[in-house]
Amino acid sequence: MCFLVDSHCHLASLTFEGKGPKSVGEVIARARACGVTHMLSVACTIEDYGTMMNLIKPFDGIYNACGIHPLNLEEAGAWTEEQLAACLTDEKCLALGETGLDYFYAAESREAQLDSFARQIDLACQVKKPLIIHARAAHHDTVELMRSHNARDCGGVMHCFCDEIEMARECLDLGFFISFSGIATFKAADNVREVLKYAPLDRIMVETDCPYLAPVPVRGVDNEPAFVRYTLEFIADFKGVSPKALAQQTSANFEQCFKVKLETPANTNVPEKDISIYKLEKIYNKGWPY
């Protein structure tokens, strides 16, 4: 079977309101109707992790990760390594994250971010879990901490990459993968496409980062895992490979990064009916695999 993985989504942040899906079961059904077989649902605080786990527990093919996001430090409070390590013991918990640095939105908390990120790199190395790293407007500090705290030892992925090619090169040299979101389809994202051109196929992944950053042609709606098909098809065309070949490669990369073997998921608790909406029918009609 040809798998397609949404390597980073936030299922607990979906609202299930308006025109979108009304439950996580519908989200997964819509994704599977588009060939998206597996998802990695990410929590940004320990409290968020508990909420998310209750939501995704009934469903097969959904992995999880937990970390302290740099923009959630106040909400996370005085988190401890012991609390976070306890979250990472779940058998389907593949990574520590997302963690990292964000000076675009929160430059004023730089010192607290540096401390939190360094502690999480150390913990990831200790428990032997790969890292999911968020980095925005913090190139040099991010790479410096990755180097000085031996992030190479645990590995991981630079998620939703939106920086310049120099940072991509440094992160690839540290053994990290690079994941591309719907930003790659945005008209103004020439820097991301330069990185996409540079990054080798065996070091990239695709993601939604839902409910944020819906790709062209569905910008303006809540993003969801089904829409990773649009990003995959854009990247495949940009890189000059077939969507099926890119799906196979990015699935293999996911397995390598997160040390997991993908299996065909059971449809337990997933609605069977066709509940397509927005422009999903456009990709339903193409069939899967191609």
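A few notes on this one:
- Region 73-88: number of residues that are surrounded by 20 or more Cβ atoms within 10 Å (Cβ to Cβ) and either within 22 Å of Asn267 (Cα to Cα) or of a type in the set (S, T, N, Q) (or both): 0
- Of the helices (runs of 4 or more DSSP H) lying entirely inside region 61-145, those carrying at least 2 residues that are under 17 Å from Gly156 (Cβ atoms) and among the charged types (D, E, K, R) are 110-127.
- None of Val42, Val36 is crowded, with 19+ Cβ neighbours inside 10 Å, at pLDDT 95 or above and under 28 Å from Cys162 (Cβ atoms) except Val42.
- The set of residues in region 2-56 being without any contact (Cβ under 8 Å) to a residue 12 or more places away in the chain and in contact with a Ser or Thr (Cβ under 8 Å, 6 or more places away or on another chain) consists of Phe16 alone.
- The number of residues in region 1-56 being part of a loop (DSSP other than H, G, I, E, B), over 17 Å from Leu88 (Cβ atoms) and more than 15 Å from the chain's Cα centre (by Cα) comes to 14.
- Sole exception among (1) farther than 30 Å from His140 by Cα; (2) under 16 Å from the mean Cα position of the chain (by Cα); (3) crowded, with 19+ Cβ neighbours inside 10 Å for Asn64, by number: (1)
- In region 146-159, of all residues being under 16 Å from the mean Cα position of the chain (by Cα) and part of a loop (DSSP other than H, G, I, E, B), the one that is nearest to Pro70 (Cα to Cα) corresponds to His159.
- Sole exception among (1) under 18 Å from His69 (Cα atoms); (2) touching a strand residue (DSSP E or B) at 6+ places or on another chain (Cβ under 6 Å); (3) not hydroxyl-bearing (Ser, Thr, Tyr) for Cys162, by number: (2)
- Hey, Arg229 at pLDDT below 95 and of a type in the set (Lys, Arg) or not: yes
- Scanning region 206-214 turns up at least one residue that is under 30 Å from Lys128 (Cβ atoms) and assigned to a strand (DSSP E or B).
- Residues in region 104-133 that are under 20 Å from the mean Cα position of the chain (by Cα) and more than 19 Å from Gln83 (Cα to Cα) were compared, and the one that is surrounded by the most Cβ atoms within 10 Å (Cβ to Cβ) is Ile133.
- With respect to the conditions (1) part of a helix (DSSP H, G or I); (2) touching a strand residue (DSSP E or B) at 6+ places or on another chain (Cβ under 9 Å); (3) aromatic (Phe, Trp, Tyr), Phe238 falls short on a single one, namely (2).
The values are calculated or read from the model by the stated rules, or taken from the named source; none is laboratory data. Predicted, not measured: the structure shown is a model, and the values here were computed from it. Here the Cβ is made from the backbone with ideal geometry for all residues, glycine too, and neighbour counts use every protein chain on show.
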